[in-house]
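The next block holds one structure in the form of structure tokens; read it before the comments.
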Amino acid sequence: MSKSARLIWLGFYLALAARELAADQLTVLAPGGGTFTSGTNMDIRWTYQFMEWLPSTAALKQMNIRIREYSQQQGGAVTGSYVDVATVDVTAEHYTWKVPAYVSHHEGFLLELSMREHPAISTQSQPFQIVLNTKPKIAPDALKHLISVTSPTAGQNCKIGSTVTIAWDKSHVGSYGTVMMLICWPDHTAAGGPFPTPNTGSYQWKIAETAENTLCVEVYTQDKKYLGFSGNFKVVW
């Protein structure tokens, strides 16, 4: 290889390395752990360092905030167990959230922040706890428990016409004979259903879509006391 060719390749690799170092950075400033009481306000704060691209439209500035169960044993967020908190303008760098009466079946919760149009740009908060405010007393039907939906998984490709297993952890909903299923768009609005199914922990779903789409599945109890979403998956030909 000639000297000029080597210099061209060296420049190429240096440019790639510089791009990696200049990646956009999303950092959670708060919460930094701790314990929060349901019904009180949580101050969610973050910073966004623009390096590769600067959002030029309102849609590109949208950032999703989600709450996930945290498991130290599993080394982080529990797969499949999350609920949307809000979609916000990332440049605001602040959001005040009224803490709901969520009950963790693991070691607590954490927040996940990700750019809606660029989900690879994401970060998580430190784990925190939610304790129930019994003053005033919270009605039992106001409590929200997360169901861990383990299949389909985020990024999974499911062929149209095939049968896909929808699976969920039923250990905390064993007293319910039936759960409800809803096929959703990525923003959790309804795309199909809801329909009841026996609470066996799994269901074989025949994909009857007529076009390729990105979807997710919500599993919930009829009293809405328990609910959870799968990761976003794709139905493809």
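We did not get these values from a lab; they are worked out from the coordinates using the rules stated. On a predicted model such as this, the values are computed, not experimentally measured, just so you know. Heads up, the Cβs are rebuilt from the backbone with ideal geometry, glycines too, and the neighbour counts pull from every protein chain shown.
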For this session: Just rank PHE195, PHE36, fewest to most, by other beta-carbon atoms within 10 angstrom.
Result: PHE195, PHE36
Exercise. In percent, how large is the relative contact order of segment 24-140, given Cα pairs closer than 8 Å and 6 or more residues apart?
Worked result: 36
For this session: Mind checking the full-extension length gain between GLN74 and LYS225? Use 0.36 nm per residue of separation minus the Cα-Cα distance, one decimal, nm.
Result: 51.9 nm
Exercise. Which whole-number percent is the relative contact order of segment 147-236 (Cα, under 8 Å, 6+ apart)?
Worked result: 41
Exercise. If one computes P(r) from the Cα atoms of segment 24-140, what percent of pairs lie at distances over 20 Å?
Worked result: 42
Exercise. Most exposed first by the Cβ proxy, i.e. fewest other Cβ within 10 Å, how do TRP237, TRP205, TRP46 rank?
Worked result: TRP237, TRP205, TRP46
For this session: Using θ = phi - 60° and the Karplus relation 6.51 cos²θ - 1.76 cosθ + 1.60, list the HN-Hα couplings for segment 182-198 in order, rounded to whole Hz, with x at every Gly or Pro.
Result: 9, 7, 10, 6, x, 8, 6, 7, 5, 10, x, x, x, 9, x, 8, x
Exercise. Pulled fully out, how much extra length does the chain show between HIS172 and ILE160, if you take 0.36 nm times their separation in residues and subtract their Cα-Cα distance?
Worked result: 1.1 nm
Seminar exercise, completed: Residues LEU227, LEU132 in order from fewest to most other beta-carbon atoms within 10 Å are LEU132, LEU227
Exercise. Residue by residue, what Karplus-based ³J(HN,Hα) values in Hz, rounded to whole numbers, does segment 167-176 have, using 6.51, -1.76 and 1.60 with θ = phi - 60° and x for Gly and Pro?
Worked result: 10, 8, 7, 9, 4, 9, 10, x, 7, 8
Exercise. In nm, what is the difference between 0.36 nm times the number of residues separating THR35 and THR189 and their Cα-Cα distance?
Worked result: 52.4 nm
Exercise. Where does segment 147-236 land on Rg(C-alpha)/(2.2 N^0.38 Å)?
Worked result: 1.00
For this session: Determine, from the Cβ-Cβ distance of LEU132 and TRP237 and an R0 of 45 Å, the FRET efficiency 1/(1 + (r/R0)^6), rounded to the nearest 0.05.
Result: 0.40
For this session: Report, by chain and number, residues whose modeled amide H sits under 5 Å from the one on ILE121, excluding near sequence neighbours (fewer than 5 apart, same chain).
Result: MET115
